[in-house]
Every structure is written in structure tokens, then in C-alpha cells.
1. Among the numbered criteria (1) more than 7 Å from every other protein chain (Cβ to nearest Cβ); (2) in contact (Cβ under 8 Å) with a residue 12 or more places away in the chain; (3) out of contact with any Pro (no Cβ under 7 Å at 6 or more places or on another chain); (4) among the hydrophobic types (A, V, I, L, M, F, W, C), which single criterion is violated by B:Val177?
2. Out of all the residues in segment B:57-68, is one or more in a helix (DSSP H, G or I), at pLDDT 90 or above and over 25 Å from the mean Cα position of the chain (by Cα)?
3. For the structure I just gave you, tell me whether B:Ala275 is among the small types (Gly, Ala, Ser), at pLDDT 90 or above, out of contact with any helix residue (DSSP H, G or I) (no Cβ under 7 Å at 6 or more places or on another chain) and on the phi < 0 side of the Ramachandran plot.
4. If you check A:Gly307 against the conditions, is it closer than 26 Å to B:Trp138 by Cβ, free of Cβ contacts under 8 Å to residues at least 40 places away in the same chain and buried (at least 24 other Cβ atoms within 10 Å of the Cβ)?
5. From B:Thr408, B:Thr378, B:Thr354, B:Thr372, grab the single residue that is touching a residue at least 60 places away in the same chain (Cβ under 8 Å) and on the phi < 0 side of the Ramachandran plot.
6. Mind listing just one residue for me: the one in segment B:59-71 that is within 14 Å of chain A (Cβ to nearest Cβ) and crowded, with 19+ Cβ neighbours inside 10 Å and, of those, farthest from A:Lys408 (Cα to Cα)?
7. Assess whether B:Leu46 counts as being more than 12 Å from B:Asp130 (Cβ to Cβ), in contact (Cβ under 8 Å) with a residue 40 or more places away in the chain and either in a helix (DSSP H, G or I) or in contact with a helix residue (DSSP H, G or I) (Cβ under 8 Å, 6 or more places away or on another chain) (or both).
8. Could you list all residues from segment B:493-513 that are in a helix (DSSP H, G or I) and modelled with pLDDT of 75 or more?
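The values are calculated or read from the model by the stated rules, or taken from the named source; none is laboratory data. Since the structure is predicted, the reported quantities are computational estimates derived from the model, not experimental observations. A quick note on method: Cβ atoms are made from the backbone with ideal geometry, for glycine too, and the neighbour counts reach across all protein chains shown.
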Amino acid sequence: MPTVPPADLLALAPVAILVLGGIALMLTEAFLTSGRRRYQAALTVVFAAAAGAAALLGPHPARIFGGQGTADAFSAFVTATVCLGLALAALVGAPWLEARDAERGEFYALALFGTSGMALLGMAADLLVAFISIEVMSLSTYALAAWMRRGRKPAEAAFKYFILGAFSSALFLYGTSLVYGASGSTLLSDIGKGGSTALLVAGLVLVAAGLAFKVAAVPFHVWTPDVYEGAPTPVTAFMAAGVKAAAFAVLARTALAAFSGAPATIGWLAGLLAILAVATMLVGNLLAVPQRSVKRMLAYSSIAHAGYLLLGVVVAADRGARQEALSGILFYLASYTVSAIGAFAVVGALERQGRTPADEPDDACDVDRLGGLAKRRPLLAFAMLVFMLSLAGVPPTAGFVAKLLIFKAAVGAAQYGLAIVGMLTSALGAYYYLRVVVFMYMRPAAEDEPAGVVSPVLSVALAAAVVAVVVLGVGPEPVAGLARSAAALLR
Amino acid sequence: MLLSLVVFLPLLGALVAAFLPGSEPGQHRGWALFVSLLTFAISLALWAGFDAGAAAPEFQFETKLPWIASAGIGYHVGLDGVALLLVMLTTALTPIVILSAFTVGDRVKEFMIALLVLETAMIGTFAALDLVLFYVFWEGILIPMYLLIGVWGSQNRLYATVKFFIYTFAASVLMLVGIIYVFMHDGGSFDYLAARSALRVSSEAQGWLFLAFALAFAVKVPMFPLHTWLPDAHTEAPTAGSVILAGVLLKMGTFGFFRYAMPLFPDAALRFRPALAVLAVVGIVYGALMCLVQQDMKRLVAYSSVSHLGFVMLGLMAVTAEGLTGGVYQMLNHGVSTGALFLLVGMLYERRHTRLISEYGGIAKQVPWLATAFVVVTLSSIGLPGTNGFVGEFLILAGTWLGRMPRTQILAAVGATGVILGAVYMLWLVERVFFGTIRKEENRLLPDLSLRESLVLAPMVLAIVVMGLAPQPFLAPAKPAVDRLVVRMQEADRRLRARDPSRPPTVGTEVPALASGSQAPAGALAARPPAGGND
């Protein structure tokens, strides 16, 4: 048994902070509750901020634990992004749960544990480590999806998520075993040694399929709308942003490792991913158009966004455009995190609440809920406007810069077809995002429409998200530069 | 920095307005008017400081700063003469529009903020010298305009505004791909000047790039057959929105051809020129014919925009100094005269709450001042000598006639019918609205122009007369930019002929002596190219 150098342990500091935070939150639930739990969300934010800061400021050894992990700038960026997502989701979650009398310390604890899994996933340089991290992340999110377990929809959503998640884990594990069979190692850096045997290609395809489930890429997306709609809204926000970011981090690493292998393997994998990307962009955007429920629309739109991110992964196959593509992916993840969580937060604030847990109005998140919002709550409407524009990729918002960086990489790699498909589908996206704006600004509210719940905590989260979207859109250089230097390490 | 101040002052004003209480609309009206007037005053310094000499630098008031340095995107702004004129048009039109919009009573705060944000985006579009910066401003226009039409428009506004947004957004995204492609092939820079001098792409790629840019611009112009969003958007928009749309937004399309599509891809521009010129002429005639059958005044004015912008495009595609100068001048004219028409129609609408022509008739006696203004604007719109419209249309048609484009004289002749049709539909409109006998009782009690309305219209009427009688101050700044474009296109023409010796020259004028000696107004003489077109 080799001894573990202290530096390797230090590199895990962000994960350790998140786990400690999870334990702390569990303990507060046991010892420090007197009905008022406001501080729990704040505590979660503190832990998330500490973990994010530790990731960004801590040491960046390229190899830890004998190459099974890495704490490079790429992983630091991913960790910081998921921590940002966690903090926002916690702030969004607190008032939502309080309104439903469901706020418990375990909620935050699970979110913190889940985030630790995501952070680990960003650091994984070994398929088995990745598998374990995925499980850590997923078990927490399964439980979170079932948080409102007495309702029918949440229960169905959680069950579906669990079953399909387990299925995808099995695919991933099976793929890992095939890769091990071909290359004699589970280390990502050794994938290239497998040559271009059918065994390796099959293994990689299965690994990619397992991850495609997690990022909700077509045709592995069918669980997404139901799960996203059924899960508690703050959890949906957390899943959409965090799980996607972490899964894309490991997908990018795996793809890069495979791209460094034999040309035949590269061709296979890149072609497959390109097909996935096109299908995901098309299907996600097309199916988002007819949705009446904003939550469901956002679920399909999250599929579409996975398509653009996949496009980035495909482009990374080209050595010349690799840095561009990876920095684009990172920036896109950060931008999507703030935009999507913000959008889900607004949906959550306006969601129609049943009187009992079993009473679930079918139109809880319909676009009608947003009717006349600009008159009822101008600031909330403005925030949603900013998020919608960012998701649609209209300048000057974060979403535009993110798309610009991704498409820039795609054109740089001479993937014109993919870039054009991406551009045209994003124009399609403008249609359904704008419909939300139409309802908010240009239609009257229904007679009995309640004004929605906007607590000070939620206001803080929304303000932070709006500022982040605008700053990333107008002055993206600090974050874009960080993403670029993070991506440089993976060349 | 002066230019940056002009660009961002309205946005700053909008930010301040966001903190003023929304329950006091008077404050917002006054503040927005003040900010836009201040912007106009500062932009006068640009006008005064611009050096239109041939030796002066092409772009003036330049500022160049890194913006997203890691992606090669910079903040680069500067003005050539054409951009200067369009910036002046924008800054002059905005206070007029804001003053005219004092009658808006619903959500005044948001309305004024949207107008100010729109002004920044419009000025930025003309001032940008970085392709991504340009794209950001170009798309940034959509948001406030979308809200202006959708929130404050008339009955069918939702359909119109979504159509407007989707049409222009979808057409523009391919331009972004084109911009990125340019970046990859000009040594890694989004800077316009670098792109123009260093772009090295194959002839086929240049064709695709030109089409990607041209699609975005052609929708905005709008060129036939991509114009269908325009009648809806113009008709449903509130008066202020219509004026801005017609006055400035459409010019962004023609400006895009002048600044980006033609100089960046001159070879491809020459290849696609005949098709675009034919579409321009079709647009002229089609727009005019559609005007003849409109029941709705606003829709009529909207279709007349299709016709007028067809003239501008024809002038640009002629690629003669006269045609280009006329095109640029017609951009300003259309901004003034069609803007004024929309203002007048808006005033009539506020009095009677209908835009149907048949609801009016014989009201000249009731509203003599309004009728007078309408007639003056109409004369400008149909290009009567002595008004600004004449100078522009004459230069365009002369420039096209004398040009070397294949079958250019047929195009000019057919285009000229648009002038005649224009006179028919506009004078017929005036007759049906203002003259004859009053048939509707409601029309007997119409009040004439208020002081505010007079203040709105006075500068427009003044501009029509001044620009018609003394076009020189407006043509002079455009001259260097026009000459440079002609030279650039001539070089491209020479390149094409070197490759294909049987190809006749297509740029410049056929008979230089005739061009310079013709009975053109002062402007045509001033705009003679240095090479005289004799290559």
C-alpha cells in the first residue's frame, strides 16, 4: 500500500469542505432547529463559497493519487461552477421549501454531498473513480428528486430518475470493463494504449452512452422532461446546472483521452458524438416549442443546451481547436448554470401550489402563471427576461458569449455544418424563450393569479444570477480568460 | 472617447431612469428628452469635428480597447462619413420621437427606457469597427424593439413582434458564423480593418460569406422577397417604434451592405450584384404597387418603405459614385420623410383612433397645418425637385443609368417607374385623406397641431427643405467613404477581369465625361470619383 502524499490530500480540499458541510448541515438538523431554519441555506452558501474558493485558489497538481485523479485548473473551474450552482440552488430552495413546509437540513446536506460528487467527477482521471463519483452525485440527486415524496408526480419522477440512472450507470460500468479489457487499465490516460480494437470502441461507446444519459443527450433524453417537471423546482435547477456541468467535465476528459488514441477510434467516437450533438440540438429545440409548462420547456431546452455542449466536445477532437472548444464548454457551463437556475427560480416562485401534497394542479408551471408579470412584479419579470435572453443567446448576455465561443471553436475546426445547425436551432430557441416574454410583458394576468412568493432570500439569488448573466455578457474577459487557461492544460 | 460618450450616454440615461419613480411619468418624459437632446448636442461635436478631406483618415474618433482579449474581440469604434451621417440621423431623430411619444400613457418609464436603450444600440451599430461588437449592437436592437412593438403596439402586435424578432434573429445567426469564419481566415482578428485588409479566402468561400452577411442585411433592409415582416411590424408598432424602425433600423441593413458585405467581399459582391439589383428593382415596383391597394395608412407608408429602400439598394448595387452617393443620401431622406410620415399618421390616429383611409376625407380645412406638413412631407417622399427626395432619387437613377452593370439602363428605367407610381399613391393618399368633402361627422371636430406636435414636425420639415436645397454639407462627409468603396470595387473588378479577359468592366461609369458634366445637382459633381471610373 503506497502512502498518500499530503499534497494529494490537500488537492481534495474542496471535496472535503463540501462533505464536512454536508455533515454539519445534518448535525444542525439534529441539534440546532427550533422551527427556524433560515440559517441553513446561508450555511450551505458559506460552505459552497469556501469549496469554490479552495478549488480556485488551492494548488493545482496535475496528477494526484497515482494519476487516478487530477486537480488541474479545468477541474477547479468545474468545481467552482458546481459550487456556484449549489449556492444559488440553496438560496432558491429555501423559500420554496419553506412555503411548502418541507425545509429540512437533510435537503442541504444531500445537495452538499451531491456537489462533492460533482467536484470529484471533475477531478476524475480514471473511469472507476468517475463511476464512484457519478454514484455519489446521483444517489444524492435521486433522493433530492424524491424530496416531496408524498406527491404523485415527484414520486414518479424520482423513481424514473433512479431506474434510468441505474441503467446508465450499468452501461457506464460495462463500458469501463470493456475498456479495461482492451487497454488493461481504467486510467483515462491509458485509453490510447488500447489501439483501435472493436473492444475498445465498444467500451468507449458504452461509456459515452452512460454519460449521455446523465447530460440528457438525445436519444438518451426521454427521462428528462418528466423528471425535471416532477422534481421540486430547486432540485430541478440544481440537477440541470450541476449534474450537467460535472457530467460534461468527465465526458470531455474521456473524449479527449480517446481522441489521443488511434485515428480509427477518434473517427468513430467523433462521428458518433457529432450525430448525438445534431440530434440533441434538433430534438431538444423542436420539442421545447409546443410545451405549455415553462418547467417542461426548460427541461427540453436543457436538452438543447446539452447539444451545444456536445458540439464543443466534438470540436475538441480537432487538435487546433481544442483549447477554444474546451474553454467554450467551460464558459458555457458557467453561463448555463446562472441562467438556468435563475429561470427555474422564477418558475418556482410563481408555481401554483396545491393545498395538500396530494393535490397537484396540472397547470402548476404553465406559461399562464407568468401572464402580466411585468405589471404585477416588474423586477421578477425583468430577471426572467434576462434569463430568457441569455438562454436564447441574444447579446449582450452570458448566453451569447457562450454560444459565440462554442461556435468559434466549431468554425475553427472547420465543422461548418455543425455550426450552422447549431446556429439555426438556436434561432428556433428564440421562439419559445420569447413566448415566455410575450406572456410576461404583453398579456394580461389571469383574474385570480396570485402574485407569487418572492422572499428576500430569493431576491438575493435572483439578483446575483442577473448580475452574473449581465457581467458574463458584457465583461466576460475574467471568466473567459480563466476558462481559456484552464482549457490550456488539457491540450 | 467622444464617440463612446455618444454611444453610451443614452444607456446611462436609461440606467438612471430605472431608479426614478415609475409613478411619475412626467419625470421620465422630461428625463428621456433631456438625455436624447444632450446626446444630440454632443453628436454635433462629431459632425463639426469630422474631417471630410480626401487626405483625412478613413475612420475618425477612433477608440480601440481590448474587450474579450482571450477570444480576440476588441472594443473598437470609429466613424467614416456614412456612419457619421447615420449617427447624426439617429441622434436627431430620437429626441423628436421621444417628444412625439409624450402621449404614451401606459408604462411610460419602461417605454422611455426602451427608447434610450434602443438609441445606444443603434448608434453602436453604426460606430462599431469590430465585427463581434457590431453583431452585439445589431442584435441588441432586437430586444427593445421587440418590447416596443409587443407591449405598446396595436391589436395584432403579438404576431407582428414575434415575426419581427424571429425573422431578423434567424437571418442574423448565419452572419455570426460568417463573422467567425472571417476571424479564422484573416489572421485571427475580429477587427473590421484587419478583416478587410487581411482576409484571404477562396472565391467560393467568399460567395458563401457574402450570402451569409447579405441575408442578415437583406432582411433588415428589407429586400423583396424578405420584406414580409415589415408591413406587420410597422403597422402594429406604436408611432415611436414605426419612426425608429423606418428612420434608422432599415438603414442598418443598407449600411451593412455598404460597410460590411461589399467592402469585405468585393469579388462576391460583384458576382451577386445583378441578382441583388434585380431584386431591388422588383422591390421598388412591388412596394409601390402594394401601396396602391392599401386601406390602412400606416401599412401604405410601410410598403412605401419597401419601395424607397429598393432605390437605396439599386444605388448601392450600381457601384458608381453617383449611385452610391445617392444611396447614402436616400438613406437620410427616407429617415426624415418616412419618419415624418409615420409621425403624421400617428397624429391622425391619436385624433380619430383609426388608420383606415376611408375614415378620413376632406379634413384639410379642419387641420390646415397638419395638412400642410403632410403635403410637404409627401412631396419630399415622391422626390419633387427642391426637396431632399429629389436629390437622392436623381443621383441613384443617374448613377444606375450611367453604370456599367449588365442591362443597367433597363434596371434604371424600370426603377424610374417607381418614382411615378410613388407620386400616384402618395398624392392619391393625400387626396383621399385631406381633400374632397367631409363624409364622417367625427372629422368636423378634429383639432389642428398642438404646440408639441408642431415642435415635433418643424425640424422634419426644415430638414426636408434644407437637404433639398443645400445637400452639399450632407454629401461632403460621405464622399471619401463612397470614393474608397468605388476604388475597392474597381480593384475587385480588375481582379475578376484578369482571371477572365472576356469579362467587360462592370464598375464605375460608362462615359465619365457625361457623368461629371450632366445636369446633376451639386452633389453629383462633388461625389465624382478620383479615378473618374475610367479603368
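1. Exception for B:Val177: condition (1).
2. no
3. yes
4. When the stated conditions are applied, A:Gly307 does not pass them.
5. Only one candidate qualifies: B:Thr408.
6. This residue is B:Trp67.
7. In short, yes.
8. B:Asp493, B:Arg494, B:Arg495, B:Leu496, B:Arg497, B:Ala498, B:Arg499
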